[in-house]
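Participant: Quick one: the structure is below, and I'll ask about it shortly.
The values are calculated or read from the model by the stated rules, or taken from the named source; none is laboratory data. As the structure is a computational prediction, the values presented were derived from the model and not from experiment. Note that we place each Cβ from the backbone using ideal geometry, even for glycine, and neighbour counts take in every protein chain shown.
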């Protein structure tokens, strides 16, 4: 086997995902088939991909093979976002932190026009490199009766629906309305979905315990501070994820929602 250990494989993207999800926090861990969102996969020109797309428009779903280009390392054991805080072997998960960060996503194919594929809900962020596209074949790709290991146990536990109700304090509500109306920033749908299932401290869900009944959830460049009241998750306030010094330091251009965070610092609410 020694002759294979040094083997290297080179790949080039055939195109890129185009969607409105710019942060990893925005992307669900699996596509939400109930969503009406519409996204695109744009293939590169001058590669004869127009011919490669012939006959694809007859398929209802496709597989997108992608590259998690924002991940720079991998972990042999990871903490899945669903279920209890138990680390699992990465090969028993869909974690993007893999030896080769290859993603596999099944999406609805809505249209094929030129080099653009219009697709339904997707669990990837804008700019994700696409390595390959394959048609989904229900006769060979679906095995409904197959066991799902530890995931099956978690899904059984979650089948009863959300365990917590989300409420906002007056302060948090004012802050969230300001972000949404003035800056078109709204991360609550994703955050509240996670919190309604399980608000307990969890690294992958980005929830940290700050003290007695005081918690913080990282939502991309923003923070939600909350406490628990029985089966209620009460959002106390919103915070920014970057310090004032970071917002004005060299490289500030790369900070997501930077202008909104600068303005947030000046607000009294």
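Participant: When only residues in the range 95-106 that are closer than 18 Å to residue 30 by Cα and in contact with a helix residue (DSSP H, G or I) (Cβ under 9 Å, 6 or more places away or on another chain) count, which is surrounded by the most Cβ atoms within 10 Å (Cβ to Cβ)?
Facilitator: Only one residue tops the list, namely 96.
Participant: Another question, then. Can you name every residue in the range 20-65 that is over 27 Å from residue 142 (Cα atoms) and assigned to a loop (DSSP other than H, G, I, E, B)?
Facilitator: Residues satisfying the conditions are 20, 21, 22, 23, 44, 45, 46, 47, 48.
Participant: Sticking with this one: Residues of the range 59-75 being at pLDDT 95 or above and surrounded by fewer than 14 Cβ atoms within 10 Å (Cβ to Cβ), which ones?
Facilitator: 60
Participant: Kindly indicate the residue of the range 155-179 that is closer than 23 Å to residue 84 by Cβ and not in a helix (DSSP H, G or I) and also modelled with the lowest pLDDT among those meeting that condition.
Facilitator: Across the range 155-179, the extreme among qualifying residues is 161.
Participant: Continuing with this model, one more query. Could you check the range 83-103 and list, in sequence order, the residues that are in a loop (DSSP other than H, G, I, E, B) and over 24 Å from residue 126 (Cα atoms)?
Facilitator: 83, 84, 85, 86, 87
Participant: If you don't mind, another one. Scan 182, 236, 186 and give me the residue that is in a helix (DSSP H, G or I) and not assigned by TED's automatic domain parsing to the domain that holds residue 29.
Facilitator: Just a single option satisfies the conditions, and that option is 182.
Participant: Going by what's in this entry, would residue 165 be described as surrounded by fewer than 16 Cβ atoms within 10 Å (Cβ to Cβ), within 21 Å of residue 56 (Cα to Cα) and touching a strand residue (DSSP E or B) at 6+ places or on another chain (Cβ under 7 Å)?
Facilitator: no
Participant: Tell me which of these residue 152 doesn't satisfy, since it passes every other one: (1) surrounded by fewer than 14 Cβ atoms within 10 Å (Cβ to Cβ); (2) modelled with pLDDT of 90 or more; (3) assigned by TED's automatic domain parsing to the domain that holds residue 27.
Facilitator: Result: residue 152 passes all but (2).
Participant: Let me ask something else about it. Might you check whether a residue that is more than 30 Å from residue 77 (Cβ to Cβ) and surrounded by 14 or more Cβ atoms within 10 Å (Cβ to Cβ) occurs anywhere in the range 187-194?
Facilitator: Scanning the range 187-194, I find at least one residue that is more than 30 Å from residue 77 (Cβ to Cβ) and surrounded by 14 or more Cβ atoms within 10 Å (Cβ to Cβ), so the answer is yes.
Participant: On the given criteria, is residue 114 on the phi > 0 side of the Ramachandran plot, at pLDDT below 90 and out of contact with any strand residue (DSSP E or B) (no Cβ under 8 Å at 6 or more places or on another chain)?
Facilitator: Against the criterion (on the phi > 0 side of the Ramachandran plot, at pLDDT below 90 and out of contact with any strand residue (DSSP E or B) (no Cβ under 8 Å at 6 or more places or on another chain)), residue 114 does not qualify.
Participant: Is it the case that residue 183 is touching a helix residue (DSSP H, G or I) at 6+ places or on another chain (Cβ under 9 Å), surrounded by fewer than 17 Cβ atoms within 10 Å (Cβ to Cβ) and farther than 24 Å from residue 86 by Cβ?
Facilitator: It is true that residue 183 is touching a helix residue (DSSP H, G or I) at 6+ places or on another chain (Cβ under 9 Å), surrounded by fewer than 17 Cβ atoms within 10 Å (Cβ to Cβ) and farther than 24 Å from residue 86 by Cβ.
Participant: All but one of (1) within 19 Å of the chain's Cα centre (by Cα); (2) surrounded by 16 or more Cβ atoms within 10 Å (Cβ to Cβ); (3) in a strand (DSSP E or B) hold for residue 109; which doesn't?
Facilitator: Answer for residue 109: the failing condition is (1).
Participant: Scanning for something out of contact with any strand residue (DSSP E or B) (no Cβ under 8 Å at 6 or more places or on another chain), outside the structural domain of residue 209 (by TED's automatic domain parsing) and modelled with pLDDT of 90 or more, does the range 15-23 turn up at least one residue?
Facilitator: Scanning the range 15-23, I find no residue that is out of contact with any strand residue (DSSP E or B) (no Cβ under 8 Å at 6 or more places or on another chain), outside the structural domain of residue 209 (by TED's automatic domain parsing) and modelled with pLDDT of 90 or more, so the answer is no.
Participant: State which residue is modelled with the highest pLDDT when the search covers only the range 201-233 and only residues that are part of a loop (DSSP other than H, G, I, E, B) and surrounded by 13 or more Cβ atoms within 10 Å (Cβ to Cβ).
Facilitator: Looking at the filtered set, the residue picked out is 221.
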